[in-house]
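The values are calculated or read from the model by the stated rules, or taken from the named source; none is laboratory data. Nothing here was measured: the structure is a model prediction, and the numbers come from that model. Positions of Cβ are backbone-derived with ideal geometry, glycine not excepted, and every protein chain shown enters the neighbour counts. Keep in mind that these areas ignore ligands, DNA and RNA; they rest on the heavy atoms of the full protein, side chains included. Shrake-Rupley method; radii C 1.70, N 1.55, O 1.52, S 1.80 Å.
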Amino acid sequence: MSALVQTIKRQQAAADPLQSAFVSANAGAGKTRVLTNRVARLLLADAPPDRILCITFTKAAAAEMASRLFEMLGAWSLADDDDLNEALDALEGRAANGSRETARDGDALIKARRLFARALETPGGLKIQTIHSFCESVLRRFPLEAGLPPGFRVMEEADAFSLKEAALGQLAQRALNDDALGAMIDRLSAVRFKGDLRSALMSSARGMSDTQEIAAVIRNALQLDEDIDADDLRDGFFAQIDADQWAGISAAMAQGGANAKKHNALPMEAYGRARDRAEKWRALETLFLTAAGDPRKKFGDKKTEAAAPGAGDYLLSLQEQFITYQDKLA
């Protein structure tokens, strides 16, 4: 038996609603197709549409499955007898070309054609949901038992972010008559300032109106001396870079693949050529952070690791220190 035939037989077995099945397969192997076929076979077996529940992890997966199912049922509603029989044979794993164990009568074909309308007319529609929306539907049925107000609404992520930012802005206005603290918080957020420290700072600054008092809170939170400046901070980080090790890793990165050359070798070389602090710091930002300001997850590749063992780990440790200095600099 060929691998393809064997796979098709296993898919047909997994789509049989009389069997309990666990399917594990690579992306694109047909898991969604198997689940769609299983739902179609349940509907053909007279299972009430509102008694079928399909749960996915993402909205995209739920939408994809619903689309495929309605596309299949819609095609059945318009197919002639031969095409419909062939589609049902493939779905149920029966032999084609007239060698079915039992012939389908006209009523069976009519029922298959009506499934599309039946699914559309089901109150609430077919239940193809994410795990989150399913749990939300359960909570809506039992809000008091769950300690929630009846008719509650789950806030969208964008709305939650806007409200949080607005609340932080109001706290900043209370803490300082002008918008200096608000501007400082916005700038710290832009460099991925740690959320817990950011919240602690806002909490400490609540109700303050004296600029010097707020400055003391900031210095204490970031462990900054009162007389330290930006040049001192940059020099403090530069001093932690071993020039010889940096040069060796830079040369190794230049021997790597396209990503290692672009994201690692080029900014490391730019750092070595830079003549002033600001230019050096910009090169380090390009090396350690993505364009969106997020820390890079890895440095180098197999080629660079072979040329300079431990180079990736060394840069990751430097990156962690760099982000701390970046927060202090901001």
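Of all lysines in the structure, those lying under 27 Å Cα to Cα from LYS164, and not within fewer than 8 positions of it along the same chain, are LYS59, LYS194, LYS328.
For LYS303, a cut-off of 28 angstrom between C-alpha atoms picks up these lysines, skipping any fewer than 8 places away in its own chain: LYS261, LYS262, LYS280. Once the 1.4 Å probe is applied to the protein heavy atoms, region 227-330 comes out at 54 Å² accessible per residue. Among the protein heavy atoms of region 271-330, carbon and sulfur supply 52% of the accessible surface, probe 1.4 Å, non-protein parts ignored. Each peptide in 30-36, 234-240 gets a packing score, the mean of other Cβ atoms within 10 Å over its residues, and the list from highest to lowest is 30-36, 234-240. Each peptide in 133-143, 265-275, 151-161 was scored by the mean count of other Cβ atoms within 10 Å over its residues; highest first, the order is 265-275, 133-143, 151-161. Partner lysines whose Cα lies under 25 Å from the Cα of LYS111, excluding those fewer than 8 positions away in the same chain, are identified as LYS127.
With unit charges on the beta carbons (Lys and Arg positive, Asp and Glu negative) and the dipole taken about the Cα centre of region 1-124, which residue among ALA3, ALA47, ALA25 sits farthest to the positive side? It is ALA25.
Averaged per residue, region 1-87 has 64 square angstrom of accessible surface, using a 1.4 angstrom probe with ligands and nucleic acids left out. Using only side-chain charges placed at the Cβ, +1 for Lys and Arg and -1 for Asp and Glu, the dipole size of region 209-326 relative to its Cα centre rounds to 980 debye.
Placing unit charges on each Cβ (+1 for Lys and Arg, -1 for Asp and Glu) gives region 224-330 a dipole about its Cα centre, and among GLN240, TYR325, ALA251 the Cα reaching farthest toward its positive end belongs to ALA251.
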